[in-house]
Ligand SMILES: C[S@@+](CC[C@H](N)C(=O)[O-])C[C@H]1O[C@@H](n2cnc3c(N)ncnc32)[C@H](O)[C@@H]1O
């Protein structure tokens with residue numbers, strides 16, 4: 001079975017958790033990779049890798065001395081990610097709500113970026129806010145949070161924690177997708193800023 005068919009079948013079983021009927025296009029993958037500045041990153045966390053299109057694009061763009069921790073809640077998608085043969089990848093079956101504990105478990109320090117495709121629009125506001133808070137807390141100074149989302153919900157959830165982000169639209173995706181980026185203060189007195 002090809003990846004898209006598999007993705008759609010999983011969507012039919014868990015529509016709210018997956019939040020999209022087809023995986024991201026390669027144009028969206030590239031946009032996310034560029035926005036997260038993967039080529040200069042040492043460690044990145046990906047929330048909700050699905051069938052791994054963005055995961056592979058990140059690994060292709062990253063250097064050798066790099067780690068990618070992917071956190072996927074769906075065991076069938078997780079099995080897909082585990083099949084990616086790359087020593088830089090750690091595939092973790094788990095929930096983004098436990099982000100802090102999961103990162104601690106692997107002892108990789110603070111990520112330079114967190115990339116997220118999990119659907120904030122279908123979870124409760126308190127759950128979404130907690131995840132955003134923990135993303136902000138785990139990020140390294142100067143680190144980036146990059147979210148690709150159909151809905152604008154993530155923007156309102158992020159505003160009280162990370163301020164105004166940079167919002168882009170990737171039209172070469174079905175449907176066109178928002179790509180949002182926030183940057184954590186680097187600790188030199190600057191505020192969280194646009195990507
Ligand atoms: C819109 S899909 C994105 C899939 C893939 N990254 C792509 O670009 O095509 C959202 C993904 O987030 C996962 N997900 C949803 N809630 C999650 C959570 N709380 N923790 C981890 N993964 C989650 C879903 O299982 C699904 O794989």
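May I ask for the distance between the Cα centers of region 76-136 and region 166-185, given as a whole number of Å? Going from one Cα centre to the other spans 19 Å.
By the helix-only formula, in which each DSSP H run with n ≥ 4 contributes -39500 (n - 2.57) and the sum is divided by residues, the chain has a 222 nm mean residue ellipticity of -11000 deg cm²/dmol. Extending 7 Å from Cα along the Cβ direction at residue 110 and again at residue 40 yields two label points whose distance is 1.7 nm. Going from the fewest other Cβ atoms within 10 Å to the most, the residues 86, 112 appear in the order 86, 112. Cβ crowding within 10 Å, taken as a proxy for footprinting-reagent exposure, orders 156, 134 from fewest neighbours to most as 156, 134. Per-residue extension of 0.36 nm, minus the Cα-Cα distance of residue 87 and residue 17, leaves a gain of 22.4 nm for this segment.
Counting 0.36 nm for each residue step from residue 27 to residue 4 and taking away their Cα separation leaves a gain of 6.7 nm.
Between residue 60 and residue 159, full extension at 0.36 nm per residue minus the direct alpha carbon distance yields a gain of 32.5 nm. Report, for the chain, the % of DSSP beta bridges that are antiparallel, rounded to 5. Looking only at bridges with both residues in the chain, the antiparallel portion is about 40 percent.
Counting every other Cβ atom within 10 Å of each residue's Cβ, 68, 12 order from fewest to most as 12, 68.
Every read-out reported here was derived from the displayed coordinates using simple, explicitly stated rules and does not represent laboratory data. Bear in mind the structure is a predicted one, so any value in this text is a computation, not a measurement. Glycine gets a Cβ as well: all are built from the backbone with ideal geometry, and neighbour counts include every protein chain shown.
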